[in-house]
1. Modelling each spin label as a point 7 Å along the Cα-to-Cβ direction, I'd like the Ala132/Val78 distance in nm, to one decimal.
2. In sequence order, what are the phi-derived ³J(HN,Hα) couplings for segment 318-324 according to the Karplus relation 6.51 cos²θ - 1.76 cosθ + 1.60 with θ = phi - 60°, rounded to whole Hz, with x for glycine and proline?
3. Kindly rank 219-230, 181-192 from highest to lowest mean number of other beta carbons found within 10 Å of each residue.
4. Explain nothing, just the number: relative contact order of segment 212-291, from Cα pairs under 8 Å at least 6 residues apart, as a whole percent.
5. Applying the Karplus parametrisation 6.51 cos²θ - 1.76 cosθ + 1.60 with θ = phi - 60° to the phi angles of segment 365-373, what ³J(HN,Hα) value in whole Hz is obtained for each residue in order, glycine and proline being reported as x?
6. Report the far tail of the P(r) of segment 264-387, meaning the percent of Cα-Cα pairs longer than 26 Å.
7. Over the alpha-carbon set of segment 272-345, work out the extent along each principal axis and list the three values in angstrom, largest first.
8. How large is ³J(HN,Hα), in whole Hz, for each residue of segment 218-235 in order, when computed from phi with the Karplus curve 6.51 cos²θ - 1.76 cosθ + 1.60 and θ = phi - 60°, using x for Gly and Pro?
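Just so you know, all these numbers are worked out from the coordinates, no wet-lab data involved. Everything quoted here is computed from the prediction, not taken from an experiment. In this analysis, Cβ positions are derived from the backbone assuming ideal geometry, glycine residues included, and neighbour counts consider all displayed protein chains.
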Amino acid sequence: MPLRQAGPLRGTRGFTQTRFRRRQRPPRLTADRPGRRAGLREAVLPSLTRTGTFVLVAALGWLLAENRDWVGTYRSDVYLALAGTLLAVGLYASTYGIDLGAARRNARLVVLAVSGGVVVKAALISAAMYLAFQEPAYLVLGVAVAQIDPVSFAAARLTSRMSAQARTILSAWASFDDPITVLLTVYAAAWVWPLVPADPAAAPAPPHTGFESFGLSLAQNLALAAVAALVWWGTERLRRWVRSGRLVTALQIVVLAGLAAFAVWQFLMLALAVAGLFYRPPLGAVLDRLTQGAFLAASFALGLVLVGGISSLAGVVLGLAAVGAHVVVALVIGWRLPRSDRVDVLLGQQNGITAIILALVLERQFVGTVAVVGPAILTINVLHALTNGLREAYRRPGPAADLPAPPLGSPLSPRQG
């Protein structure tokens with residue numbers, strides 16, 4: 001009865017607030033589970049959606065090639081020009097989007113990741129493929145999937161709760177390792193080419209990609225990059241004398257298009273990647289759309305080549321080797337990071353437009369590359385989606401992700417066990 005006599009007090013403000021608070025305080029186990037499911041869903045869906053888009057567009061290309069009986073499209077000059085153009089867009093976009101300030105703050109790790117990291121990853125993947133299949137042509141495939149795709153990472157990090165430091169590291173790593181991977185792929189192909197039995201279905205290599213022309217190619221890349229730097233400096237100085245800044249911007253864009261066309265024609269991709277570090281007209285939104293279009297076009301072109309067949313087993317092994325090699329390299333590079341950041345870096349491997357385009361370029365010399373790299377990309381991205389989804393679901397609360405990250409190795413960068 002005393003409890004029932006308290007009924008008239010239900011209309012009071014204090015009792016209503018107390019009752020509301022009690023109803024809004026569910027058991028701890030019940031509160032954790034929905035949060036974990038939401039984190040898993042938010043982390044997995046973007047990566048799986050992008051991977052599903054890749055599969056769908058590639059399937060459309062495969063269906064078209066199957067219905068039209070298009071075989072050997074990779075041998076045409078149009079194919080090479082398309083692959084070179086897509087590669088140029090992807091490379092320029094990757095370096096254009098680099099945060100130079102963040103890269104300077106983490107210069108030691110960035111240099112280590114994109115030099116020794118990329119080389120060691122490529123060597124580990126290639127060694128695993130050669131040991132598994134005993135085919136020299138597979139040595140070059142490890143280089144093609146060694147990089148982290150910057151566009152895919154940029155999309156994935158929007159839904160991730162990783163720290164600002166982990167985001168900075170992976171973003172810089174993903175942006176810088178693309179041009180290094182392209183160079184390694186081109187010259188690894190020149191090294192492996194004599195070891196592979198002659199294939200009448202193969203087409204000639206792009207210009208200036210052999211060891212005998214390495215010095216000439218490097219000099220031409222540096223010369224083109226110097227021309228781009230000179231033009232950028234001159235047009236920026238021109239702004240002082242021209243009232244309309246739009247005219248100068250338009251001139252910079254026209255010159256950039258000409259430089260890109262020349263780079264594609266002579267396959268001077270290093271120069272274009274270097275130019276992206278300083279030649280930066282306001283093209284952010286346009287470049288994003290171009291990159292997305294290039295991704296779809298590359299996926300479609302990959303489907304056209306896949307009509308020749310798919311090497312599922314080799315692709316899965318290549319994908320697992322790429323993920324495993326990244327874990328090994330990330331353990332060495334990130335051993336001084338806090339434990340939470342180290343886990344995020346370990347799970348950072350994913351592929352996208354660069355791996356697709358490199359497969360398209362290599363197909364001309366090493367017929368069957370696309371058949372292996374296609375399922376490898378699918379394997380890598382599915383593993384990335386699932387592992388990062390579980391990571392987000394069971395991530396422990398930490399500092400806010402939008403806080404500025406201190407430079408690695410500074411006193412403000414703590415180490416945790």
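1. For the pair Ala132/Val78, the computed spacing is 3.5 nm.
2. 4, x, 5, 5, 5, 5, x
3. 181-192, 219-230
4. On the way: 42 pairs, mean separation 31.4, N = 80.
RCO, segment 212-291: 39 percent.
5. 8, 10, 5, x, 4, 4, 4, 9, 5
6. On the way: 2834 of 7626 pairs.
The calculated P(r) of segment 264-387 puts 37 percent of pairs beyond 26 Å.
7. Cα spread of segment 272-345 along its principal axes, largest to smallest: 42, 38, 21 Å.
8. Working through the residues one at a time gives 5, 4, 5, 4, 5, 5, 5, 5, 5, 4, 4, 5, 5, 5, 5, 4, x, 5 Hz.
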